[in-house]
Amino acid sequence: MGDVTARPAGAGFKRGVVNLFYEQTMLIILILLAIVMSIASKDFLSFGNLFNVVRQYSVHGILACGMTIVIIGKGMDLSAASILSLCAVANVLLQPYGYAVSIAASLAVGVACGLLNGYLIAKVKANFIIVTLGTQIIFTGVALIITGGMNLRSRPEPLFHWLGEANILGMPALGWSLVLIMVVSGVLLARSIAGRRLYAVGLNDRAARASGINDTRIVLASYVINGLICGLASVLLTSRLPRIRVGTASDYLFDVITIVVLGGTALSGGVGGIYRTAIGLLIFALISNGMALLHIPFEYQQLVKGIILILAVLYDEFNRRRRLQVL
Amino acid sequence: MKVKAARLIADRKLLVIIIALLVILSVADRNFFTLQTFVSLFDHIAINGVMAAGMTILLISGSFDLSVGSVMAVTGIIIVLSQQFGMLASVLLGVAAGTAIGALNGVLVVKGKINAFIVTLGTMIIFRGLGLVLTNSHPVKGSIAAFQVLSQASFLGIPLPVFYLVVVYAAVWYVLRSTKFGRNDFAIGGNAVSSRLAGIRVDLYTFLYFVVCSFMAALAGVLLTSRVNTGSAVFGDQTPMLIIAAAVLGGTSLFGGKGTVIGTLQGVLILGLIERAMVIFNVNTNYQLLVRGTIIIAVIVTDALTTKRREGAAAAAG
């Protein structure tokens, strides 16, 4: 789904199997991991634990959708977690005016932040890494200025709060929101004209421009959509957590990048998709949950996550070269 | 005449900024314009300055390194934790550990062929994590008093870090200008493919630039640890961005092939003056964050705009 993969002409059965193995490595790892986990820990397969996992990582998953879109366009948004913070602050501050206003504010702030990033990267053509590192500091600064560095209490209206706690058909509402956002963004990427153009720009922006694609507008749009998704994530975050502390969101950033890369969306742009990110999310959630169940100290968990990121990137590069060879 | 004057100002824009900042600060604070202030200013920028010199070498070759803050922190932690083996041994061990991180970055970039940004992002997380593991998430305190002399003593009334700064910049200036190591740096940053075709060992040199960058960050770690007599995993979490901004402000291009260490020194000085100004004007820490972020964005946008204009001019000429 949404992949640009090379199929060798006249490949034999063996080659097909090998190819399948390389393209679906992460799915295989996921299945193995799930089996190992359910043997190692009795709690793992319980519904309570699984729902906890869903609740805990749905915000990660939503952010990862936006990040996937940006990375496919050969970019990266290091300010995503700060946008999330700022949107959450806007949301909480406007809650007294009703939840429609506060949700609208979150989304508007997200779009505005995405617009700033997109303008500087797509129009001004500034380096996306430094731009988003800079805006990361700016957005966090603005959020801290607004809150005065204090914690905020989120007092969502009943309906809003229900979103964070309720179960529908046995699955947390947060999980359903995640599935919905994944399906919408996945269809956008794989089936819409703009989505296909984004892949083209990510693979080769000059070729895309030469064939008449307005690459500036596509890249700009990818950052705006990412901002919007961060806004959506903040709505769900504030419905679940009663206390919002600016700065905590920064933990999300590396996790989200790891999830996207783990799934197999290439940092070199133009390869990947939401389906892959979903697998990345599940692997990441299983490993994190496993480490928590095994009582591994927080410091070691950070270390492990960093190593996973590097390994995932190494594998990504290996796969890229393999694809080139097949071509 | 008018054009000439405009050119002169454009070429010296960093000096103009520095002078403007000095004027503003002198007006705002009567006690600012003294020799003492300047000495303490250079004393303060020494740590960032040493790191920025190493970063400049790496940026010229077209790569960059986000892990320098973690290198600095890990170096400090290892120095403090190994002080039982004596001061010299602990410093050597710390610097070796910091430099080894650079070697790991270099190997992953050159042999693994991974984007420098993502490699150093990964090592940044890993080694900050390692720092947390080593210190159990708490700062650790040094036990050797003599170690603090390294950064806190003065010679002829001038603090020692100022001398280190001068020596490092003189050395890097010489190396970039007059050695094979330096010339290859510009060649690789200008065009890696044609450098390889011309017989330059691009992989080897790129590896070395990563090692040198981390080595400088480790030296900065020694200075910092000696100054605060503490090792902590949270030190330097914003330094990579500020240091890259200082170098780019000083005219080093993120696209590689262009840069001077003198420019970087001016960039570091400007950022140091701005930090000082924020203290003098009593700016709230949250606003300081905003100012820093805005400076980084302004610097990078200017870099992009001038590069684009130059490319446009080249396209029109060609």
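Separation of region B:17-69 from region A:19-36 is 51 Å, based on Cα centroids. Extending 7 Å from the Cα toward the beta-carbon at both A:VAL18 and B:PHE38 defines two label points whose distance is 6.9 nm. Remark: A:ARG153, B:ARG227, B:ARG128 ranked as A:ARG153, B:ARG227, B:ARG128, counting other beta-carbon atoms within 10 Å and listing the fewest first. Counts of other chain beta carbons within 10 angstrom of each beta carbon in peptide A:297-308 average 6. Here the average projected area of the convex hull drawn through the C-alpha atoms of region B:163-206 stands at 3.2 nm². Remark: mean inter-chain Cβ contacts per residue of B:129-135 equal 5, using a 10 Å Cβ-Cβ cutoff to other protein chain atoms. Volume of the convex hull of chain A (Cα atoms only), normalised per residue: 145 Å³.
Note on the protein assembly as shown: Rg/Rh from Cα positions, Kirkwood definition for Rh, rounded to two decimals, is 0.97. Computed per residue of chain B from DSSP H runs no shorter than four, each worth -39500 (n - 2.57), the mean residue ellipticity at 222 nm is -26000 deg cm²/dmol.
Over region A:203-324, the pair-distance histogram of Cα-Cα distances with 10 Å bins from zero comes to 11, 32, 36, 16, 5, 0 percent, rounded to whole numbers. Considering only A:ILE130, A:ILE121, A:ILE283, the mean-square fluctuation computed in a Gaussian network model of chain A, springs between alpha carbons under 10 angstrom, is largest for A:ILE130. Ordered by the number of other Cβ atoms lying within 10 Å of each residue's own Cβ, fewest first, B:LEU22, A:LEU309, A:LEU84 fall into the sequence B:LEU22, A:LEU309, A:LEU84. Once Rg and the Kirkwood radius are both taken over the C-alpha atoms of region B:122-217, their ratio Rg/Rh works out to 1.13.
Hydrophobic long helices, here whole DSSP H runs in chain A with Kyte-Doolittle means of at least -0.5 and Cα atoms spread over 30 Å or more along the helix axis, are found at A:47-72, A:215-240, A:298-326. Note on region B:72-137: Rg/Rh from Cα positions, Kirkwood definition for Rh, rounded to two decimals, is 1.05.
Take each residue of peptide B:104-116, count the partner chain Cβ atoms within 10 Å of its Cβ, and average: the result is 2. Put in line by how crowded their Cβ is, counting other Cβ atoms within 10 Å and starting with the fewest, B:ASP29, B:ASP43 read B:ASP29, B:ASP43.
Between A:LEU180 and A:ASP43, the modelled labels are 3.1 nm apart [label points 7 Å from Cα along Cα→Cβ].
Share of pairwise Cα-Cα distances greater than 20 Å in region A:93-244 is 59 percent (whole percent).
Each reported figure results from applying straightforward, stated rules to the coordinates on display, with no laboratory input. Everything quoted here is computed from the prediction, not taken from an experiment. Heads up, the Cβs are rebuilt from the backbone with ideal geometry, glycines too, and the neighbour counts pull from every protein chain shown.
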